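Let me give you the structure first, and then I'll get to my questions.
Only the coordinates and a few stated rules stand behind these numbers; no lab work does. Computed from a predicted model, the values in this text were never measured in an experiment. Cβ: placed from backbone, ideal geometry, glycine included. Neighbour counts: every protein chain shown.
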Amino acid sequence: MIDLDRIRSDSPATDRLAYLHNAGAALMPTSVVAAMKQHIDLESEIGGYAASDRESGRLEAVYGSVARLLNAAPDEIALVENATVAWQMAFYSLPFRKGDRILTAEAEYAANYVAFLQVAKRTGAVIDVVPSDASGELDLDALERMIDERVKLIAITWVPTNGGLVNPAAAIGRIARAHGIPYLLDACQAVGQMAVDVEAIGCDMLSATGRKFLRGPRGTGFLFVRRERLQQLEPPMIDHFAAPWVARDEYRLRDDARRFETWENNYAARLGLGAAVDYALEIGIAPIEQRCRLLAGRLRSGLAALPGITIRDLGRAPGAIVSFTMDGLEAAAVVASAAAAGITIGASDPSSTRIDAELRSLPHLVRASPHYYNTEAEVDRLLAHLADLASR
């Protein structure tokens with residue numbers, strides 16, 4: 001059972017805002033902010049090197065916290081600056097040749113897809129988009145049919161940025177494992193919102209951010225690389241932390257996932273990430289997921305009853321990202337109007353998921369993303385505001 005009063009007291013901004021933009025950057029709990037401030041204060045008092053030495057135990061513990069969140073081992077975790085860096089370090093460590101195939105989904109995120117395009121341009125690899133089924137999820141039968149000996153990677157976004165879709169990550173993992181194909185999963189919008197178990201999913205690599213549903217600071221991310229896959233991957237860039245310089249003409253890659261890291265880090269932000277993970281684990285991912293779905297369901301039901309609003313979400317069991325459009329109003333105008341009323345929501349640009357947007361002729365979308373610390377009253381407050389806008 002979630003202690004909503006305590007959690008909202010840990011989130012002071014909820015006193016003045018109906019904050020429904022957690023798919024962008026969620027509100028950090030006070031414990032996350034305190035962990036960062038304390039380390040910055042320590043750095044100012046004794047210097048950055050001495051501060052990291054003194055806090056080495058707490059800094060090391062972050063790997064264990066992230067590993068528990070993912071049901072992984074600490075040596076399978078790399079901590080990096082953001083989810084994009086995490087994803088890129090994994091993707092660009094894979095070798096591609098002319099004719100190799102990359103399979104991805106219609107709702108793949110722009111940052112990932114442009115990387116596919118770059119590698120295709122450089123190497124002659126081919127990008128093949130797996131079609132969606134009637135629900136909008138990646139079509140598993142189509143994926144199975146598209147696999148041949150030239151497929152060298154399956155890479156998908158689990159929860160796309162532009163709607164409620166939750167792709168069948170574990171089912172995709174079973175197919176990837178059956179064929180021995182590397183599987184890279186972008187879990188940016190899943191981590192912190194729902195259970196993420198890399199053993200159940202069967203992915204070889206998983207990237208995520210701290211700032212979204214995990215409620216961590218910006219400038220934090222992490223990468224999971226399965227131990228069996230790790231030794232096959234050489235990062236696209238290394239330094240002497242990732243690969244110690246052991247002889248004049250020799251370096252030796254680390255045996256753990258930290259081969260994807262560099263020596264210099266924002267230790268205050270890293271401690272904030274660890275505090276955010278611990279906070280979520282203390283509450284419990286299962287009750288968090290249950291409440292996220294409850295609030296998102298309430299929002300979708302309310303939107304469906306309003307005139308002039310079209311819900312744009314896909315999937316059989318949508319998550320806590322709710323996307324919609326309003327007749328006669330641009331998404332930016334809806335977001336600005338809500339902000340003036342003390343309600344924080346966001347928008348999604350069609351270029352962020354271009355293939356899906358073109359297939360469905362999507363304009364800019366309004367995006368509201370409730371989290372477990374939100375109340376039913378805040379969801380209703382947004383609905384009332386939208387009803388007022390629609391009636392003007």
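Among Leu138, Leu382, Leu359, rank each residue by its count of other Cβ atoms within 10 Å, from fewest to most, as a rough exposure measure. Intermediate values should be presented prior to the final figure.
On the way: Leu138 27, Leu382 23, Leu359 14.
Ascending number of Cβ neighbours within 10 Å: Leu359, Leu382, Leu138.
On a full-extension model of 0.36 nm per residue, what is the gain between Ile181 and Met1, subtracting their alpha-carbon distance, rounded to one decimal in nm? Intermediate results must be reported in sequence, preceding the final value.
Details: separation 180, 0.36 × 180 = 64.80 nm, distance 4.01 nm.
Between Ile181 and Met1, full extension yields 60.8 nm more.
Right, here's the next one. Which ordering of Trp245, Trp87 is given by a fewest-first count of other beta-carbon atoms within 10 Å? Write down the numbers at each step before the final one.
Working: Trp245 11, Trp87 29.
Going from sparsest to densest Cβ surroundings: Trp245, Trp87.
Moving on. Placing +1 at every Lys and Arg Cβ and -1 at every Asp and Glu Cβ, with all other atoms neutral, what dipole size does the chain have around its Cα centre, in debye to the nearest 20?
Approximately 380 debye in magnitude.
How much length is gained if the chain between Asp128 and Ala317 is pulled fully straight, taking 0.36 nm per residue apart and subtracting their Cα-Cα distance, in nm to one decimal?
65.5 nm
Assuming R0 = 45 Å, can you tell me the calculated FRET efficiency for the pair Ala339 and Arg97, based on Cβ-Cβ distance, to the nearest 0.05?
On the way: r = 49 Å, r/R0 = 1.09.
Working from the Cβ atoms, E equals 0.35.
Where a Cα-Cα gap under 25 Å defines reach, which lysines qualify for Lys37, not counting those fewer than 8 residues away within the same chain?
Reachable lysines: Lys212.
Moving on. Whole Å is fine, so just give me how far the alpha carbon centre of the range 325-341 lies from that of the range 279-311.
20
Mind giving me the nanometre distance, one decimal, between the label points for Ser391 and Glu282, set 7 Å out from Cα along Cα→Cβ?
About 4.3 nm separates the two model spin labels.
Express the relative contact order of the chain as a whole percentage, based on alpha carbon pairs under 8 Å and six or more residues apart in sequence.
For the chain, the relative contact order is 24 percent.
Taking a virtual spin label 7 Å from the Cα of Leu140 along the C-beta vector, which residues in the range 200-244 bring their backbone nitrogen under 12 Å of it?
none
Below 14 Å, Cα to Cα, which aspartates and glutamates can Lys121 reach? Residues fewer than 8 away in the same chain don't count.
Within reach: Asp100.
Return the FRET efficiency for the residue pair Ala200, Arg54: r is the Cβ-Cβ distance, R0 is 45 Å, and the value is rounded to the nearest 0.05.
Numbers: r = 38 Å, r/R0 = 0.84.
The computed FRET efficiency comes out at 0.75.
Also, I was wondering about something else. Go ahead and set up a Gaussian network model of the chain, Cα springs under 10 Å, then flag whichever of Ala83, Ala333, Ala18 fluctuates most.
Between Ala83, Ala333, Ala18, it is Ala333 that shows the largest mean-square fluctuation.
Rounded to whole Å, give me the distance from the Cα center of the range 232-253 to that of the range 183-207.
Distance between centres, Cα-based: 27 Å.
Out of Tyr49, Tyr113, Leu69, whose Cα points farthest toward the positive end of the dipole of the chain (charges: +1 Lys, Arg; -1 Asp, Glu; placed on Cβ)?
Tyr113
OK, next. For Glu81, Glu228, what's the fewest-to-most ordering of other Cβ within 10 Å of each Cβ?
Values: Glu81 18, Glu228 9.
By the 10 Å Cβ count, ascending, the order reads Glu228, Glu81.
Pick out which of Ala338, Ala305, Ala195 has the largest mean-square fluctuation in a Gaussian network model of the chain, springs linking Cα atoms closer than 10 Å.
Answer for the Gaussian network model of the chain: Ala305.
Using helices alone, I'd like the mean residue ellipticity at 222 nm for the chain: each DSSP H run of four-plus residues gives -39500 (n - 2.57), total over residue count, nearest 500. Could you put the intermediate results ahead of the total?
On the way: 15 runs with 164 residues, N = 392.
Roughly -12500 deg cm²/dmol at 222 nm, from the helical runs in the chain.
Rounded to the nearest 0.05, what FRET efficiency do Glu45 and Trp263 give with R0 = 30 Å and r taken as the Cβ-Cβ distance? Could you check?
Numbers: r = 23 Å, r/R0 = 0.76.
Approximately 0.85, to the nearest 0.05.
Please compute the net charge surrounding Arg316, taking Lys and Arg as +1 and Asp and Glu as -1 over other residues with Cβ under 12 Å from its Cβ.
On the way: positive: none; negative: Asp133, Glu137, Asp313.
Every neighbour counted, the sum reads -3.
Further question on the same structure: Could you tell me the relative contact order of the range 8-133? Use alpha-carbon pairs under 8 Å, at least six residues apart, and round to a whole percent. Display every interim value, and only then the final one.
Details: 82 pairs, mean separation 18.7, N = 126.
So the answer I get is 15 percent.
Sticking with this structure for a sec: Net charge near Arg270, counting Lys/Arg +1 and Asp/Glu -1 over other residues with Cβ under 11 Å of its Cβ? Present the calculation step by step, with values, prior to reporting the outcome.
Details: positive: Arg58; negative: Glu55, Glu60, Glu81, Glu261.
Value of the local net charge: -3.
At 0.36 nm per residue, minus the direct Cα-Cα distance, what do Ala384 and Arg174 gain on full extension? Give it in nm, one decimal, please.
Gain on stretching Ala384 to Arg174: 71.2 nm.
Defining a contact as two alpha carbons under 8 Å apart and six or more residues distant in sequence, what relative contact order in percent does the range 307-392 show? Intermediate values should be presented prior to the final figure.
Values: 92 pairs, mean separation 26.3, N = 86.
Reported relative contact order: 31 percent.
Stokes-Einstein at 20 °C, 1.002 mPa s, Kirkwood radius from Cα pairs: D for the chain in µm² s⁻¹?
Working: Rh = 21.8 Å.
D, rounded to a whole number, is 98 µm²/s.
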